[in-house]
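Here, each number is a calculation from the coordinates, and none is a lab measurement. As the structure is a computational prediction, the values presented were derived from the model and not from experiment. We place every Cβ from the backbone using ideal geometry, glycine too, and count neighbours over all the protein chains shown.
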Amino acid sequence: MKIISKQLTDEPIKRAEQDVLGRGDFANSVADLILSAPKAQSSQVIGLFGKWGEGKTSLKNMVIEAHKAQCELKPLVVEFNPWTYTSQERLPFLFFSEIAHKFGKETNDEQAQKLEKQFKQFGQILEIASLVPQLTFFTMWFKPILNFFGNQYANQTKDLGAVRQQIHDLMLKESRRLIVIIDDLDRISAEEVRRMIQLVKANGDFPNITYLLLCDRSYAGRALSTVVDGCTDEDGDKYLEKIVTFGLDLPRIRQVNLQDYLVELLINVLGRHNITNDEFDPKLELPPTVLQLIHNIRDVKRLIAGFEFQLAMHRKKSGDIASIHVDDLIALEACRIFEPKFYHAIYKHKDVLMCEAETITPENDRKLKVEWVKTNLISFISENHPNLGKEFLSAHLGWRYGEYSYEIKDYMRCVTDKAKLQFRLALPECFERYFNLYSNPAEFTKADLEQFKDSLKSTSSALNVLRSIFEDGRLRDFLSTIELYFEESDPVRQENYISALTLAAEFATDNSPDMHIMEGEKFGFTLTTHLHRCVRFFLERAIFNNERSKLLTRVFRRETETIVMPVSILSSEHGSRERNAGIKKLLTDDDYHGLKELCCQRIEDLQKQEKLIGHVDEREIRQMWITIGNSDTIKKLLEKDFLSYPAVTHALLPLTGYSSSTDGTFYTINLSGLEKYTDPTQVLKLLKSQPELPTGEKGIQDCLEFSINAKNNHEPYDHETQIKSVYERNSLKKKL
């Protein structure tokens, strides 16, 4: 059966009626903003900022639709995508030729014809200006050509001001506003971003024009920091703010909207493959394991594309879609796409996880050992999806482990439906059928390494390679490959290497415990630590102390959105200076103090913007902040957090400790540290006022209460005493 699905093409929506994210009002507001712009002497620049996959292009289409509906005259809309052009040197000519073509195609009045001619001539003059510097290198061999272009440039430059003025005057008279949309700015190089911004602000700043820029805000800021040598990312952000009249972030995607969108697409797919609601009803039976794995529009489309492909493969092999259990298939496909290491772990341990159909009964309490599950399955799941392992095991494999009480409703329902029971994932005769596309992650080859080396021509290219490797579940192996011997002598590529690893630390997270013995005498690291080691070893091998210090500091100041790697590096530097931990210094003393200030400022900014809460490395970041930050500043920023729940639990994070054991995790509280920032009794009162706390937070509350009581009674409440107290209480609860 041939798949005919727009979802496979990842196409944006074209009209507001297709919107499932509730962004119609926002699109109308942006259209109002365009309409309300006066005919000023300069252009209007609107930035629509969002990450990849968040629906910038779809929103742009709705804005244009809303604008056309509100306009009395048909608007002039030019869409220019610099990513589609291979000849970046011709961008000025190509850009203004597109505008000229719009006037020539859409209108036939005299003024439009004049504008077409003037815009085209303007682009030609700018193109010649860009070519002359390149030709000077060939003066010796191509002097006649150089003279020709040089004379042309000299002659036409005299007319540049006149042409610009004519366009200015004509645009003031134009009754319709020209909307120029520039998409995919975050797909081109930093130099190309700089060129496009120059075209918009320096060359294309005319009346009655609205520019709509679609890009990732942080990427555009980093790109603009290259305008002048020595610029930081903060300078790039300020430059972007000066250029953009109105900077608008895309509205946050609500999970309920994503769910509705996923259900709508699933209904279409199931209909194409003749699967009825009796077999699987997306509105009622969509697995929770799937919902926690999708975070944006692109995630939904990736899942739908993979799921439909899997359905087609099953039909091709068996000719009967009913031979699979749809719940299991879509949940497994979601794991394959978004949690590949967990997906591979399931297959690796299939002999343990599979079971015979007759063992799946309400009376049979099927359990797995807690430590086995944690070591062999859950350790491979990212911390972004903490409940995935428990829910997948119970809902799709019919297992419980430990005291986990999740009801295995899917399996129990199948007991009364033998037709469905015979196709479950856990059954030996079905298991391999679900993994028909399975391939074991390969070891890294020379080709993989060469691809990464080649990508170092730009930070974005290298980061894309690392992201792809991470999504395939192979980043840990790759870092082991480059950690000890990777070298690069070119200064630009060295900086791109450090930048890419620094940026990768922001998304590369996993649940492997730091310095935990995994197999035999072999140590395993978190990916953050592993990236840190790659940076450190590379700089120690390749560059002298002063130069590597400057390079590292330059990267950290340029990559303004990063905090994980600077905090990690700073932590080890703090150890080498303050704790005499025997760690080599990576930074000079001056740069170390500069990095301290940079880290504190970024953490404080995150706290002010309420973006620190929920950060994947929040605990480590807050602990370093407490260690190196200004106590009065921290106290002022945390005042509100200590007065409200759940913010108070985040403010407590750097003041808590924990110690793992076979009996659970014991939390401790640094009471004297807490007293520097707030009244511990008020914090305890706030925690006790909550109807129910999660297990971890309840442990913190218990230790806080124990420490306050112990201090009041002049009894010890150190780390070990707190752990012993919690252990005794946990043991007592189990006996009861």
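Calculated FRET efficiency, THR695 to LEU35, Cβ-Cβ distance, R0 = 51 Å: about 0.40 to the nearest 0.05. Taking amide hydrogens as placed 1.01 Å from N in the peptide plane, the amide H of PHE206 sits under 5 Å from those of SER43, each at least 5 positions away in sequence or on another chain. Which residues' amide hydrogens lie under 5 Å from the amide hydrogen of LEU368, considering only partners 5 or more residues apart or on another chain, with H built in the peptide plane? It is ARG400, TYR401, GLY402, by chain and number. Modelled spin-label separation between ASN81 and ASP249, with each label point placed 7 Å from Cα along the Cα-to-Cβ direction: 2.7 nm.
Determine, from the Cβ-Cβ distance of ILE267 and GLU383 and an R0 of 56 Å, the FRET efficiency 1/(1 + (r/R0)^6), rounded to the nearest 0.05.
0.95
For the stretch 161-237, trypsin sites (Lys or Arg not before Pro) are listed when DSSP marks them as loop and at most 16 other Cβ atoms sit within 10 Å of their Cβ; the list is ARG176.
The stretch 207-264 and the stretch 670-717 have their alpha-carbon centroids 42 Å apart.
Multiplying the residue separation of SER672 and VAL256 by 0.36 nm and removing their Cα-Cα distance gives an extension gain of 145.4 nm. Principal axis extents of the Cα atoms in the stretch 562-636, from largest to smallest and rounded to whole angstrom, are 35, 25, 18.
Once the C-beta distance of GLU578 and ASP25 is scaled by a Förster radius of 41 Å, the resulting FRET efficiency is 0.20 to the nearest 0.05.
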